[in-house]
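The values are calculated or read from the model by the stated rules, or taken from the named source; none is laboratory data. Nothing here was measured: the structure is a model prediction, and the numbers come from that model. Counting neighbours? That spans all protein chains shown, and the Cβs are built from the backbone with ideal geometry, glycine included.
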Amino acid sequence: MDPQDTPDAHYNRGNALYAQRRLAEALASYDRAVAQRPGFALAWNNRGGVLRDLGRADDAIASISRAIAIHSGYAQAWFNRATVRGLDRGDYPAAIADVKQALALDPGMIYAPGLLLHLQMQACDWRDFDRHVAAVEARMRAGTEAAEPFVYQAVSCVPADLFRCAEIHAASRYPAAGRLWRPRAHDRIRLGYVSGEFRTQATALLAARLYALHDRARFEVFAFDSGAADDSPMRAQLEAAFDRWIGIREMTDAAAAARIAAEEIDILVNLNGYFGEERMGVFARRPAPLQVNYLGFPGTLGAPYIDYIVADAIVIPPGEAAHYAEQVAWLPDSYQVNNDRRAVAAEAFSRADCGLPGSGFVFCNFNNAYKFTPGCFAAWMRILRAAPGSVLWLLEANRHAAANLRQAAKAQGVAAERLVFAPYLSPERHLARLKLADLCLDSFPYNAHTTASDSLWAGVPLLTLRGSAFAGRVAESLLRAAGLPELVAPSLGDFEAQAIALAGAPQTLKALREKLAANRVAAPLFDTPRFTRRLEAAYIRMWELHSAGETPRSFEIACRGGAPFN
């Protein structure tokens, strides 16, 4: 027999091709392996991973299920099927059962406790919630990979713990892998943005105008696109905003890093971090002399090769900089860019159109369900009980979450029909319907971020609870930059009392809406040109320090003498 035409040879070839992101060829190799050895569980499992990466989630589930049928004790296959069932197909009950089986087979499986917690939070299935959180924290504090940092942000409000989680994850998954950049000089700073969400997605909605507004006398602006196009007007707007657009989706991390290094990028900005179509492995290879964590991940990346994090004094108070692996570039007002030209549909929605009652106060929260915790939801229910006739308007993220939230409301003495669920709409239409809400109630410990900006842009006041970590302080940052610090509650009791008071004070609420309408034009939050100049000042300061041979260090961009920055 030809030694290159055996199941093991095809399996190994498939693994090598998979590592090189040559997905179609990898799939063909796995197909040959399982054709020759139908009982090859490892090949069926890895074949499922390739199919998932090719966007064929149902086929991936079928392939991994073959692996499980062949070898029911294959814990990694159970974990992998849970990932696809939950994160790609939204079948949370089946995914939860799968990851529980993985843990039963291998109680020490890394990341499985975090995946279980995340899947249950996506479904608002809060059974044993405190126990699951404790399990994640115990393993994380012992130095074990228990949860990905994105998952842990939804439950932790301790900056030191969040730092530890990110450090463990970076060291395990994305260790430093050398340095590709070489010294060079350019007339303009070459600024590269790496994102998997250059499409109709939250990060792009916020930052779309930033890229076009960059000063081309000082910067040459590159997009390194690691995601899939969606053929939307937003995608076309983004493509037009950059000087160069380079797709890296099909490249390995090594190849993408080499391409970035070949473009001689000076400052490389990571818009994903550990969220979405992340490419931390690219940054681990140091393709640029300065690498920056900004916008997509609200916290430290815990990696020694990320030099700076862009923040403000609310989300990272100066005394807490030690909880970040990066040096901090503090901007005035809010760190979060906003798009001052976001379109709002002209469509006039009625309450009836949206399933809202004809009268009564409308509280809302349009965050994804994984940001809801039992404590947060209990506070919302206490507010509803104290505000007769009010409703809570939520995004129907998935049918499992909606059903579980209705059940949780009933258990806390609130009629299920007082929760009104809204379907997904285009961003423009969502902003138009959002105007029907009276007050947005923030989530905690993980705030509304883009959804908070949505609320304020639509003219709807947002009430937040002051947090103790980056992800729980963003709404306060936005409100202060919008000139509405009175909507930042210092304690949970104040949060509930203020929400209840506003529900019974129409004139006070009207005054807040009028103030928000005026500040939307005058306050810093939605002044995109001013924000762009301040962010550019931070980039220039980073480059000046580097050019002078200094190591990265924290600094502040301040407003002095009437100038927008120093």
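Return the total of residues in the range 232-285 being part of a strand (DSSP E or B) and among the hydrophobic types (A, V, I, L, M, F, W, C). Walk me through it before giving the result.
Filtering the range 232-285 down to residues part of a strand (DSSP E or B) leaves 244-247, 267-270.
Then keep just the ones that are among the hydrophobic types (A, V, I, L, M, F, W, C); that gives 245-246, 267-269.
Result for the range 232-285: 5.
Give, as residue ranges, the helices (runs of 4 or more DSSP H) completely inside the range 72-122 that count at least 3 residues that are crowded, with 20+ Cβ neighbours inside 10 Å and at pLDDT below 95. Please lay out each step first, then the result.
On the way: elements: 75-83, 92-105, 112-122.
Once the helices (runs of 4 or more DSSP H) in the range 72-122 are filtered for at least 3 residues that are crowded, with 20+ Cβ neighbours inside 10 Å and at pLDDT below 95, nothing remains.
Is it the case that residue 245 is touching a residue at least 12 places away in the same chain (Cβ under 8 Å) and either closer than 23 Å to residue 185 by Cα or charged (D, E, K, R) (or both)?
Numbers: touching a residue at least 12 places away in the same chain (Cβ under 8 Å): yes; either closer than 23 Å to residue 185 by Cα or charged (D, E, K, R) (or both): yes.
Yes: the conditions hold for residue 245.
One line per residue, one yes/no per condition, for (1) in the same structural domain as residue 309 (by TED's automatic domain parsing); (2) surrounded by fewer than 19 Cβ atoms within 10 Å (Cβ to Cβ); (3) aromatic (Phe, Trp, Tyr):
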{"position": "178", "(1), (2), (3)": "no, yes, no"}
{"position": "183", "(1), (2), (3)": "no, yes, no"}
{"position": "215", "(1), (2), (3)": "yes, yes, no"}
{"position": "238", "(1), (2), (3)": "yes, no, no"}
{"position": "242", "(1), (2), (3)": "yes, no, yes"}
{"position": "247", "(1), (2), (3)": "yes, yes, no"}
{"position": "251", "(1), (2), (3)": "yes, no, no"}
{"position": "263", "(1), (2), (3)": "yes, yes, no"}
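Suppose we filter 403, 408 for residues that are touching a Cys at 6+ places or on another chain (Cβ under 9 Å), in contact (Cβ under 8 Å) with a residue 24 or more places away in the chain and among the small types (Gly, Ala, Ser); which single one remains? Outline the logic, then answer.
On the way: 403 fails: in contact (Cβ under 8 Å) with a residue 24 or more places away in the chain.
Just a single option satisfies the conditions, and that option is 408.
Within the range 141-176, work out how many residues are surrounded by fewer than 23 Cβ atoms within 10 Å (Cβ to Cβ), touching a Phe, Trp or Tyr at 6+ places or on another chain (Cβ under 7 Å) and without any contact (Cβ under 8 Å) to a residue 40 or more places away in the chain.
Of the residues in the range 141-176, 1 are surrounded by fewer than 23 Cβ atoms within 10 Å (Cβ to Cβ), touching a Phe, Trp or Tyr at 6+ places or on another chain (Cβ under 7 Å) and without any contact (Cβ under 8 Å) to a residue 40 or more places away in the chain.
I'd like the residue in the range 312-329 that is buried (at least 24 other Cβ atoms within 10 Å of the Cβ) and out of contact with any Asp or Glu (no Cβ under 9 Å at 6 or more places or on another chain) and, out of all such residues, is farthest from residue 552 (Cα to Cα).
316
So for the range 133-140 (the condition being outside any helix (DSSP H, G or I) and more than 18 Å from the chain's Cα centre (by Cα)), does at least one residue qualify?
Narrowing the range 133-140 to residues outside any helix (DSSP H, G or I): none.
Taking every residue of the range 133-140 in turn, none turns out to be outside any helix (DSSP H, G or I) and more than 18 Å from the chain's Cα centre (by Cα).
So which pairs qualify, if the first residue must be in the range 77-97 and in the same structural domain as residue 65 (by TED's automatic domain parsing), the second must be crowded, with 16+ Cβ neighbours inside 10 Å and among the basic types (Lys, Arg), the Cβ gap must be under 6 Å, and the two must be at least 6 apart or on different chains?
84/52; 91/85; 94/85; 95/85
Report the residue count in the range 478-528 for those that are over 19 Å from residue 389 (Cα atoms), of a type in the set (Val, Ile, Thr) and touching a Lys or Arg at 6+ places or on another chain (Cβ under 9 Å).
Within the range 478-528, residues that are over 19 Å from residue 389 (Cα atoms), of a type in the set (Val, Ile, Thr) and touching a Lys or Arg at 6+ places or on another chain (Cβ under 9 Å) number 2.
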